[in-house]
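The values are calculated or read from the model by the stated rules, or taken from the named source; none is laboratory data. The shown structure was predicted, so the numbers you read here are calculated from the model rather than taken from an experiment. Cβ: placed from backbone, ideal geometry, glycine included. Neighbour counts: every protein chain shown.
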Amino acid sequence: MDLRPDGGLSSVIGHNNATLYLVKPNGDSVNFNTQGNDDVQPVIAGVAIKGEDAYVLGGYEAFSGIRIFSWDVGVDELKIGNAGSVPDDIMRSPDGNHMCYLISVSATEQILTCNGGKTSLTPNDYSINWVSDTGVVILARADKSFVWKSGNKKMTLDTPNVIAYQDKIIADEYDTLKIMSLDGTLLASKEGAGFSITTLRRWTLLPTGRYLFRHEPLGDTHVFTWDIKEVKVLPGFAYFANENFVVTAKDGVIHCYSLKDFHEVFNLNAPYDSLGYIKLSDDGKVMLVSGDVGNFYLYKGVNN
């Protein structure tokens, strides 16, 4: 699923992996059969919104690549791999200006495509862990992470737990939280504050311009400044954060807090016993929520 940062368009893939739903905050919606005229149902790896379009990465009958769906125009295609290639990952930056996707084109090669530029990777078992607003891309393979920007590899780290904010690199090395510049200079560190990726590929640390939100295992979310000083504890797990808000959930309740002063903007009962993902618009007025096995709710604020 995906939600455009301004909240104006959301996209989800139906359970049958063939139907794409596009929904606006006013309730208007359209849907597309991603199979099109193919004789076989596609294998969908993910969807991302960029501008007015939904980019659906899939393994289609004749190729693996992107089918682009827009509200009024319909369908366009970006073909990367031939039949038999495998779609792997798709991810966009938080601001929606950068998008990357991975396709395994053979048993030994992947193609990484970022903003139209292509990079060949071998072997073919990389995954995309992060794309930042400045175009920093974090790839992971086994127990290592690889930091790329503008098609060039900037550094390699001996940990799979690496994310980015703008050009800052945030890594967990042996349960030590480290913040580095893109050239590898250590800016801050704190032992015992490591982070990781959980089920459904959710990170236990989320960065914003003001704060880092780190979930303590079996506990709550601890708020750090960029020099890794703790300033606040919020209930539950941090599912989403942008420059203005952070969204956590605990004991069946979703909470949204303002990053100006940490007052609670709203709370509501979670629609599912077990949540999957949450995305909130930049202005906090639109929220897209999924369960851990599908199903989606789109919320629109009425009083904010």
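Would the stretch 157-168 turn up any residue that is farther than 21 Å from Tyr257 by Cα, of a type in the set (D, E, K, R), at pLDDT 95 or above and assigned to a strand (DSSP E or B)? Looking for residues that are farther than 21 Å from Tyr257 by Cα, of a type in the set (D, E, K, R), at pLDDT 95 or above and assigned to a strand (DSSP E or B), one finds at least one in the stretch 157-168, hence yes.
Mind telling me which of the residues Val23, Val40, Val47, Val75 ends up being at pLDDT 95 or above, more than 29 Å from Ala164 (Cβ to Cβ) and not hydroxyl-bearing (Ser, Thr, Tyr)? Explain how you work it out, then say what you get.
Details: Val40 fails: at pLDDT 95 or above; Val47 fails: more than 29 Å from Ala164 (Cβ to Cβ); Val75 fails: at pLDDT 95 or above.
Selected residue: Val23, the only one of Val23, Val40, Val47, Val75 that is at pLDDT 95 or above, more than 29 Å from Ala164 (Cβ to Cβ) and not hydroxyl-bearing (Ser, Thr, Tyr).
The residues of the stretch 76-93 that are over 15 Å from Gly51 (Cα atoms) and either assigned to a strand (DSSP E or B) or under 22 Å from the mean Cα position of the chain (by Cα) (or both), listed by number, are Glu77, Leu78, Lys79, Ile80, Gly81, Asn82, Val86, Pro87, Asp88, Asp89, Ile90. Selection of the stretch 256-266 for residues being in a strand (DSSP E or B) and farther than 19 Å from Gly7 by Cβ yields only Glu264.
For the criterion of being modelled with pLDDT under 95 and either surrounded by fewer than 19 Cβ atoms within 10 Å (Cβ to Cβ) or closer than 20 Å to Asp282 by Cβ (or both), Leu259 fails.
Taken over the stretch 267-293, residues that are modelled with pLDDT of 95 or more, assigned to a loop (DSSP other than H, G, I, E, B) and polar (S, T, N, Q) amount to 1.
Would you be able to say whether some residue in the stretch 108-116 is acidic (Asp, Glu) and either under 21 Å from Ala164 (Cβ atoms) or part of a strand (DSSP E or B) (or both)?
Step one: of the stretch 108-116, the residues acidic (Asp, Glu) are 109.
Still in the running and either under 21 Å from Ala164 (Cβ atoms) or part of a strand (DSSP E or B) (or both): none.
No, every residue in the stretch 108-116 fails to be acidic (Asp, Glu) and either under 21 Å from Ala164 (Cβ atoms) or part of a strand (DSSP E or B) (or both).
Check the stretch 123-135 and report whether any residue there is touching a Pro at 6+ places or on another chain (Cβ under 7 Å), in contact (Cβ under 8 Å) with a residue 12 or more places away in the chain, under 24 Å from Asp53 (Cα atoms) and assigned to a loop (DSSP other than H, G, I, E, B). Looking for residues that are touching a Pro at 6+ places or on another chain (Cβ under 7 Å), in contact (Cβ under 8 Å) with a residue 12 or more places away in the chain, under 24 Å from Asp53 (Cα atoms) and assigned to a loop (DSSP other than H, G, I, E, B), one finds at least one in the stretch 123-135, hence yes.
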